[in-house]
Amino acid sequence: MQFPFPFFTGLVVAGSLLHAGETRLLEEGFLSKLRSEAALNHPSAVAGQYRAAAATRDARSVRLWNDPMVGFGFMAADEMMQMDEGDLMFGIEQALPKPGMFDAERRKMEAMGRAETENARSSSIAAGAEAARAAIELALSDESIRLQQSQITWLAAMAENARQMAADPMGSSTDALRMETELAKDQQMLDAARRTREGFAQKLNLTLGRPLDAPWPEMRLPDKPPPVPLAQAEIARIPHANPKVRSMTEMAGAAKAETRIADRERLPEFAVGIDTRIYSDTGDVTSTTFGVKMSLPWFNDGAYRAKVDAAKSREAAAGRDVETMRREVAAMVLSAVTEAANAAAQARAFSGQIHEKALKATQTTEAAWVSSKAPLGDLLDSARSLFAIRLEQRRMIAMQLAALEELQTLVPDR
């Protein structure tokens, strides 16, 4: 009678077959390449880059001088007056810049340009994180397929044992039929898992902008959970690392410049001009006038003050918005770190004593069943329990990687 020991040899055999082909470990270097590819090709990231480029050009479009005004006129009068004063009038007028106005407008547009750059960076990071999460899903699917394949290998061996036991005159065919049923059910589950895997591969291709049918090697999650950063250290990095907080900080700077602009608008505006009169018949210049004009903003002083006060209120609100966003990101950092730490702890637990005890129980039950000292139901229950523990350990690793990916989007290193 055969006496296989699948739960301490089956997984090793399955692993050796996988290594015969191409297997990709889901390590940071590989994930970094996926993030870069997604950031380069994802439409949201490309759109963000265009907006950032437009904002940079907007900053260069700020003018120190307004366009000069040119005027032309014709005098309708008697000929004597036209000869004395000229019948054609030409003039040019140039408004002078208000002190500090150009600098304030330039600072505002530069701040808005930096804000758009941070928004583009945020879009690129989000696209990269989407690709990394899709790769994690694909890797978890491959891990599940490997475990199910190992389970089927063991079930096939146990089914053969059951058939040999049924051939004994004192044996029963019940166990053999039940093992055949379990084997068929698990084969169907494996086929479904492979179809699911194909969907995850297409999702990753879609995120990266590749053809949907582009092939992917089998993925493998890390054996052990990676270290989890300290929450306090990550929260301290938020003002300098989080692109949304940085963008809002720049917008607060733009609001401050807007206050300066509103204050400068209260100043009178000066303009210089030259008017020349010419008599058309002779081309003689009859007169040339140099002049200076000044606006009188004091008549609308209340409106200007209201505009300044409104700008100051928006500036104050922008500062509070930055702090609000910082706190929201800090809360998400805490959640991501906690989730990563919990997943890592559970992954270590499921690969430690929990797994060892479940493995020992399954081996003992298997030996007892082969010796007709344990019912088949106990063997299947212990096998399912061991399979669930191994799958949960892989799932916890994937959950930790996903939580760390979320943390990377909140406080990126790049």
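The values are calculated or read from the model by the stated rules, or taken from the named source; none is laboratory data. Computed from a predicted structure; not experimentally measured. Cβ sites come from the backbone with ideal geometry, for glycine too, and all protein chains shown count toward neighbours.
Residue 57 meets the conditions (1) under 27 Å from the mean Cα position of the chain (by Cα); (2) surrounded by 15 or more Cβ atoms within 10 Å (Cβ to Cβ) in every case but one. The failed one is (2).
Any residue in the range 385-408 that is surrounded by 21 or more Cβ atoms within 10 Å (Cβ to Cβ), within 22 Å of residue 223 (Cβ to Cβ) and either in contact with a strand residue (DSSP E or B) (Cβ under 9 Å, 6 or more places away or on another chain) or acidic (Asp, Glu) (or both)? For the range 385-408, residues surrounded by 21 or more Cβ atoms within 10 Å (Cβ to Cβ), within 22 Å of residue 223 (Cβ to Cβ) and either in contact with a strand residue (DSSP E or B) (Cβ under 9 Å, 6 or more places away or on another chain) or acidic (Asp, Glu) (or both): present.
Taking residues in the range 202-222 that are outside any helix (DSSP H, G or I), and partners anywhere that are among the polar types (S, T, N, Q) and surrounded by fewer than 15 Cβ atoms within 10 Å (Cβ to Cβ), the pairs with Cβ atoms closer than 7 Å and at least 6 places apart or on different chains are 217/23; 218/23; 220/23. Within the set 118, 143, 182, 160, the sole residue that is over 30 Å from residue 269 (Cβ atoms), touching a Pro at 6+ places or on another chain (Cβ under 7 Å), in contact (Cβ under 8 Å) with a residue 60 or more places away in the chain and in a helix (DSSP H, G or I) turns out to be 118.
Could we say that residue 89 is in a helix (DSSP H, G or I) and modelled with pLDDT under 90 here? Spelling it out, it is not the case that residue 89 is in a helix (DSSP H, G or I) and modelled with pLDDT under 90. For the range 349-373, enumerate the residues that are loosely packed, with under 15 Cβ neighbours inside 10 Å and either modelled with pLDDT of 90 or more or touching a Ser or Thr at 6+ places or on another chain (Cβ under 9 Å) (or both). Scanning the range 349-373 gives 356, 357, 360, 364.
Every listed requirement among (1) at pLDDT 90 or above; (2) surrounded by fewer than 20 Cβ atoms within 10 Å (Cβ to Cβ); (3) more than 39 Å from the chain's Cα centre (by Cα) is met by residue 376 save one, (1).
Filtered by the rule that a residue be more than 17 Å from residue 320 (Cα to Cα), assigned to a helix (DSSP H, G or I) and of a type in the set (Ser, Thr, Tyr), the range 247-276 gives no residues. Taking the conditions exactly as written (under 30 Å from residue 410 (Cα atoms), small (Gly, Ala, Ser), touching a residue at least 60 places away in the same chain (Cβ under 8 Å) and part of a helix (DSSP H, G or I)), does residue 124 satisfy them or not? For residue 124, the condition - under 30 Å from residue 410 (Cα atoms), small (Gly, Ala, Ser), touching a residue at least 60 places away in the same chain (Cβ under 8 Å) and part of a helix (DSSP H, G or I) - is met. Looking across the range 265-315 at every residue that is touching a residue at least 40 places away in the same chain (Cβ under 8 Å) and of a type in the set (Lys, Arg), the one that is surrounded by the fewest Cβ atoms within 10 Å (Cβ to Cβ) is identified as 293.
Would you check if residue 238 is hydrophobic (A, V, I, L, M, F, W, C), touching a residue at least 12 places away in the same chain (Cβ under 8 Å) and closer than 29 Å to residue 68 by Cβ? Quick ask: steps written out before the conclusion?
Details: hydrophobic (A, V, I, L, M, F, W, C): yes; touching a residue at least 12 places away in the same chain (Cβ under 8 Å): yes; closer than 29 Å to residue 68 by Cβ: no.
Considered against the rule, which asks whether it is hydrophobic (A, V, I, L, M, F, W, C), touching a residue at least 12 places away in the same chain (Cβ under 8 Å) and closer than 29 Å to residue 68 by Cβ, residue 238 comes out as no.
One residue stands out in the range 317-338 among those that are small (Gly, Ala, Ser) and either surrounded by 13 or more Cβ atoms within 10 Å (Cβ to Cβ) or farther than 15 Å from residue 409 by Cβ (or both): the one that is nearest to the chain's Cα centre (by Cα), namely 336.
Among the residues making up the range 84-110, those that are under 13 Å from residue 286 (Cβ atoms) and either touching a helix residue (DSSP H, G or I) at 6+ places or on another chain (Cβ under 7 Å) or surrounded by 15 or more Cβ atoms within 10 Å (Cβ to Cβ) (or both) are 86, 87, 88, 89, 90. Residue count for the range 328-355, restricted to those that are hydroxyl-bearing (Ser, Thr, Tyr) and either outside any helix (DSSP H, G or I) or farther than 19 Å from residue 230 by Cβ (or both): 1.
Given the conditions (1) modelled with pLDDT of 70 or more; (2) in a helix (DSSP H, G or I); (3) touching a strand residue (DSSP E or B) at 6+ places or on another chain (Cβ under 7 Å), report the number of the one that residue 18 does not fulfil. Only one criterion in (1) modelled with pLDDT of 70 or more; (2) in a helix (DSSP H, G or I); (3) touching a strand residue (DSSP E or B) at 6+ places or on another chain (Cβ under 7 Å) is unmet by residue 18, namely (1).
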